[in-house]
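Taking it in order: structure first as structure tokens, then the write-up.
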Amino acid sequence: MAPSPDSDSRASAWRGVEVDIRRAASAGGRADIGRFSLEGTRIFERALEAGVPVEVALVAEGYQDDPSERVRRLIAGLERAGCVLHTVADEVVERLTEGRGNGAILGLVRIPEQPGLAAVLAVRSQAHLHRPRRPLDVSQAPLSTEPGTPPPTAEAGGGEPGTLLVGVEIEDPGNVGAMVRTARASGAVFAAVGITDPFHPKAVRTSMGNLFKGPTLRFATAAPLLAELRTLGVRTLGAVARGGVPLHEAPVDARAVAVFMGSEAFGLPEEVTRAMDALVTIPMAAEVSSLSVNAAAAVFLYELRRRSV
């Protein structure tokens, strides 16, 4: 018996989703389709909790038939949220997940519009990553357009000055996702510079869904970010393995602060270190040369948070 036109149409639809999920595995593909991919039960749960609109998902037959309350609740939640669900053979999802056991469900989410840096740092508590066309409520931080008005500072707007964790040219998406998670845990905003990509599938997985809990900023190079931070009066601290001010002596005041972290292999680029207000080093035992970039980020952010309370 020949397949019905309806079955052909359904197969064509989910195959198109499969193609886009594969495209979302590369930076160029994500840029082309304007979306990034999600994988696994927990990531989907966190997306729903944050109100992130998951547009479409591929669900393995075995997962769709899972009788557990957790999976039933997730599927029902996605349906209520308007996500288009395609049930496909288990092997289709297994190929896409490469056998990872996070839950046999994958989907696509639109890459959010980037909010303004001043608003993120000044009214951090108002930020939400995925408000369509309104990525950030800045009603508490109006930016005057009257002639002669000085530029806004990161202390304006009724919110406490924010902390920015900046990952510069960090190639490993696992490290990037872990840094996003660390930033969220400390109340900081994460900014990605250069090849640092928080929307890489591995970064999304490693963030454990924390990518959805606040805004994430992206800059092709450090120059425009540094220029805007200077305009806003944000203090910049560069993390270096040796030769900097000890972290516990780092200059910190009531201003917002941006902590710049480089890759584990190369550290911060020279043009970034030259632009910092201070270079800061974590004191360590003599036999240890450095920490992982995420461990260093956690130590930095903990110390800054400790000194701010």
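Details
- Zone residues, region 21-60, relative to ALA13, backbone N less than 14 Å from point 7 Å out along Cα-to-Cβ: 55-59
- Note on THR87 and GLU113: their simple-model spin labels are 3.8 nm apart, each label 7 Å out from Cα toward Cβ.
- Near ALA250, no amide H atom lies under 5 Å from its own; only residues 5 or more places off or on other chains count, and H is placed 1.01 Å from N.
- Fewest-first sequence of MET208, MET179 by Cβ atoms within 10 Å of each Cβ: MET208, MET179
- Taking amide H as placed 1.01 Å from N in the peptide plane, THR236 has its amide H under 5 Å from the amide H of ALA258, ASP277, ALA278, each at least 5 places away in sequence or on another chain.
- Length gained on full extension, ALA76 to PHE266, computed as 0.36 nm times the residue gap minus the Cα-Cα distance: 63.8 nm.
- In percent, rounded to a whole number, the relative contact order of region 5-110 is 38, using alpha-carbon pairs under 8 Å and six or more apart.
- Point-to-point label distance, ALA223-ALA31, nm (Cα→Cβ direction, 7 Å offset): 1.7 nm
- Rounded if a/c under 1.5, otherwise prolate or oblate - region 168-309, Cα gyration tensor axes: rounded
Just so you know, all these numbers are worked out from the coordinates, no wet-lab data involved. In this text, all values refer to a predicted model and were calculated from it rather than measured experimentally. Counting neighbours? That spans all protein chains shown, and the Cβs are built from the backbone with ideal geometry, glycine included.
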